[in-house]
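See structure below.
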Amino acid sequence: MKFYYSSRVKIGTILIILFSLASGVRFIKKEINFTNLIKPIDAITLNEKRYEELKPYLLRRGIVGYMSDVHSIKEYYLTQYTLAPVIVVKTKDYPLIIGNYQGTIAGPENFKNGDLFLLRDFGNGVSLLRGKNK
């Protein structure tokens, strides 16, 4: 079997192209990690989604009160982080108060003195409240 020079050049060129393509495919598979394309769901992301509807009802900057049925400093700090640059203070002494409830929305025990009024329930345990004389 006799190979001419032009045939060997063509076969060599085809082999170089095939090996280059194979190497490129391996490189692309290695570099593109498909798990990075899916956004991870972490506590901060979930918390930001909870407060998404509340943000338009707050001033861009200012101070709001905060009350919760969960006595977790982590929840409080996550709320502060999510609503920044609004300052969130753990008290009911401000005109607007953010309610953060893990169970049902603020129950009657929170309104028994008549010092708080529910302005809006955003679902997911988030509510906006107003003080009586504020």
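The values are calculated or read from the model by the stated rules, or taken from the named source; none is laboratory data. Just so you know, these numbers come straight off a predicted model, no measurement behind them. Don't worry about glycine lacking a Cβ; one is built from the backbone with ideal geometry, like all the others, and counts go over all protein chains shown.
Only one of the numbered conditions (1) at pLDDT 85 or above; (2) within 25 Å of GLY131 (Cα to Cα) is not met by HIS71, and that is (1).
Spot the failing condition for VAL88; the list is (1) surrounded by 18 or more Cβ atoms within 10 Å (Cβ to Cβ); (2) under 20 Å from ALA43 (Cα atoms); (3) at pLDDT below 90; (4) not polar (S, T, N, Q), and only one is missed. The single condition VAL88 does not satisfy is (3).
Scanning the stretch 50-61 for residues that are charged (D, E, K, R) and without any contact (Cβ under 8 Å) to a residue 24 or more places away in the chain returns a single hit, GLU52. Is it the case that THR82 is at pLDDT 90 or above, in a helix (DSSP H, G or I) and out of contact with any Leu (no Cβ under 7 Å at 6 or more places or on another chain)? So THR82 fits the description; yes. Filter the stretch 28-67 for residues that are in contact with a strand residue (DSSP E or B) (Cβ under 7 Å, 6 or more places away or on another chain), part of a helix (DSSP H, G or I) and at pLDDT 90 or above and give the result. Correct list: TYR57 only.
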